[in-house]
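Engineer: Questions regarding the structure given below will be posed in turn.
The values are calculated or read from the model by the stated rules, or taken from the named source; none is laboratory data. Predicted, not measured: the structure shown is a model, and the values here were computed from it. Every residue, glycine as well, gets a Cβ built from its backbone with ideal geometry; the counts of neighbours run over all protein chains shown. Remember, those area values only see protein heavy atoms, side chains included, never the ligands or the DNA or RNA. Shrake-Rupley method; radii C 1.70, N 1.55, O 1.52, S 1.80 Å.
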Amino acid sequence: MSFPDLAMLNKRFGATGRIAFRAGAGGFPVAVLVGPQGSCEVSLYGGHVLCYRPQGQAPVLFMSRRAVFEMGKPIRGGIPVCWPWFGAHPQDKAQPLHGFARLMPWNLLSAEYSAQMTDIKLGLCDNDATRARWPHAFDLTLRIILDATLRVELTTRNRDKVPFTLTEALHTYLRVRDIAHVSVAGLDGVRYLDTLTGQEHAAQKGAVHFHGETDRIYHDPGADPCTVNDEGLGRQVVITKRGSRSTVVWNPWIDKARRMPDFGDDEYPQMLCVETANAAQDVLTLPAGEEHTLAFALRAELRMP
Ligand code: BG6
C-alpha cells in the first residue's frame, strides 16, 4: 500500500493555479484544487475531501482540531468515504467501522480543468489489503467536481463473477456556527431509524432541530434537497443527491464527544453531519459487471442581511 510520487503527480496532472499536489498532514499526498468559484483539498489517503471553500465564504466542511492523520486510522472531518459497509460490519465486529475505503491509499486517475470547473478522479481497486477484508473484485472511483458547487460522485463497479452487496456513505461533516441555531429542512414526513435507541419512527415532523445527541438514518427521503440552515453564519447549505435512498444526520453532542479521542470535547456545536448514503436496510445488490453511483452536489448560499 503506497502512494504515487508527488513530483510525478505534479508533472502529470498539475496545472498552474488550478491543480497542485503537496504533502499534507501525516505525509499523505493532497490534491489542491482551485475552481472558478471556490477551492478544495482532497487527500489520496481515503479519497478524502478535507476542505471546501466557496469564494468569499467561510469554509463549509468541519475538520476536528484533534483529527489524526495516520495510516489505518480514519480522519475526523471533511468527507470520509464509508464503503463497502456503513457503520459496523454486518457480521464481523472486528472489521473497521464504516468499511475500509477511508483507510486505504487511492490513486489519482485524472485531473482536468476548464473555465467552468476543476474535476479530478481518484480510484481504488481490489488488492491484497482489500481482499483481506472483503473478498470481491471491484473498481471504485471518486470524482470531485468544483464549479459553483462541490460535487462528489462515488461509483462502484462490480468486477467480480458474482453479485455483491454493499452499504455506503459520503459522510459529509459540515461546519456550522452553533448547532443550537441550525436546522435541517427537506426531511419532513420521512421515516427514520433512531440509531441511538434502535427505534423506527413513523415520520419526521417539520425541520430537524438539535437538542442532544442525534444519530438517525432517514429512509427514502426522495428527490427533495436537504437544506441546512445555519442562522449563526447566515448561510444555507443545499445538498442534492442521487443514487442514495438514505440520509444520515449525526451530531455526537457532549458525552460522545468526550469519548472520541480524535474530537475536541467542545467541538460538537460547530459540526453537523448530513450524509448521502445507502444504509441500514437500504442494502445495494450489484450484479457482476454492473455499476452504481452515489453522488451529491453541495451549494453554500449566503443569506442577504
Ligand atoms: C455516523 C454514524 O455516520 O458516523 C455514527 O451514524 C458514528 O453512529 C459516526 O458515530 C462516526 O463514526 P466514526 O467511525 O467515524 O467514528
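Engineer: State the number of residues belonging to the range 207-247 that are open to solvent by 30 Å² or more (accessible area, probe 1.4 Å), more than 20 Å from the chain's Cα centre (by Cα) and closer than 30 Å to Ala148 by Cα.
Structural biologist: Qualifying residue count for the region: 5.
Engineer: Arg177 passes all but one of (1) open to solvent by less than 80 Å² (accessible area, probe 1.4 Å); (2) in contact (Cβ under 8 Å) with a residue 24 or more places away in the chain; (3) outside any helix (DSSP H, G or I); which number fails?
Structural biologist: (1)
Engineer: Oh, and also: Which one is modelled with the lowest pLDDT among residues in the range 180-206 that are more than 18 Å from Glu275 (Cα to Cα) and open to solvent by 70 Å² or more (accessible area, probe 1.4 Å)?
Structural biologist: If we take residues in the range 180-206 being more than 18 Å from Glu275 (Cα to Cα) and open to solvent by 70 Å² or more (accessible area, probe 1.4 Å), then Ala202 is modelled with the lowest pLDDT.
Engineer: Right, here's the next one. For Leu302, work out the one condition from (1) within 16 Å of the ligand (Cβ to nearest atom); (2) surrounded by fewer than 19 Cβ atoms within 10 Å (Cβ to Cβ) it doesn't fulfil.
Structural biologist: Result: Leu302 passes all but (1).
Engineer: Another one. Could you identify the single residue in Val30, Val60, Val68, Val34 that is under 23 Å from Asn127 (Cβ atoms) and not acidic (Asp, Glu)?
Structural biologist: Going through Val30, Val60, Val68, Val34 in turn, the sole match is Val30.
Engineer: Can I ask one more? Collect the residues in the range 35-61 that are more than 22 Å from Leu9 (Cβ to Cβ) and among the β-branched types (Val, Ile, Thr), keeping them in residue-number order.
Structural biologist: Answer for the range 35-61, where residues must be more than 22 Å from Leu9 (Cβ to Cβ) and among the β-branched types (Val, Ile, Thr): just Val60.
Engineer: On the basis of being hydrophobic (A, V, I, L, M, F, W, C) and either out of contact with any strand residue (DSSP E or B) (no Cβ under 8 Å at 6 or more places or on another chain) or without any contact (Cβ under 8 Å) to a residue 60 or more places away in the chain (or both), does Cys40 make the cut?
Structural biologist: In short, no.
Engineer: May I pose another question? Is the range 252-274 home to any residue that is of a type outside the set (Ser, Thr, Tyr), closer than 21 Å to Val184 by Cα, touching a Cys at 6+ places or on another chain (Cβ under 8 Å) and in contact (Cβ under 8 Å) with a residue 24 or more places away in the chain?
Structural biologist: yes
Engineer: Additional query: Taking the condition in contact with a Leu (Cβ under 7 Å, 6 or more places away or on another chain) and within 16 Å of the ligand (Cβ to nearest atom), does Ile179 pass?
Structural biologist: yes
Engineer: Another question, then. Let me confirm something: among Gly212, Gly234, which residue is more than 16 Å from the ligand (Cβ to nearest atom) and at pLDDT 95 or above?
Structural biologist: Gly234
Engineer: Just to verify a result, which residue in the range 248-269, among those that are surrounded by 15 or more Cβ atoms within 10 Å (Cβ to Cβ) and closer than 28 Å to Gly56 by Cα, is farthest from the ligand (Cβ to nearest atom)?
Structural biologist: Filtering first and then ranking leaves Pro269.
Engineer: Test each condition in (1) of a type outside the set (Asp, Glu); (2) open to solvent by less than 40 Å² (accessible area, probe 1.4 Å); (3) assigned to a strand (DSSP E or B); (4) under 30 Å from Gly17 (Cα atoms) for Gln57 and report the one that comes out false.
Structural biologist: Answer for Gln57: the failing condition is (3).
Engineer: Please list, ordered by first then second residue, the pairs with beta carbon atoms under 8 Å, 6 or more apart or interchain, first in the range 66-84 and more than 14 Å from Phe100 (Cα to Cα), second basic (Lys, Arg) and within 11 Å of the ligand (Cβ to nearest atom).
Structural biologist: Cβ pairs passing all conditions: Arg66/Arg76; Ala67/Arg76; Val68/Arg76.
Engineer: Scanning for something assigned to a strand (DSSP E or B) and among the hydrophobic types (A, V, I, L, M, F, W, C), does the range 219-228 turn up at least one residue?
Structural biologist: For the range 219-228, residues assigned to a strand (DSSP E or B) and among the hydrophobic types (A, V, I, L, M, F, W, C): present.
Engineer: Same structure, new question: Take the conditions within 21 Å of Arg216 (Cα to Cα), not in a loop (DSSP other than H, G, I, E, B) and not charged (D, E, K, R) and apply them to Cys51. Does it pass?
Structural biologist: no
Engineer: Right, next: Being among the polar types (S, T, N, Q) and more than 16 Å from the ligand (Cβ to nearest atom) is the filter; apply it to the range 271-298 and report the residue that is surrounded by the most Cβ atoms within 10 Å (Cβ to Cβ).
Structural biologist: Thr293
Engineer: Of all residues in the range 6-37 being in a loop (DSSP other than H, G, I, E, B) and at pLDDT 95 or above, which is farthest from the chain's Cα centre (by Cα)?
Structural biologist: Going through the qualifying residues, I end up with Thr16.
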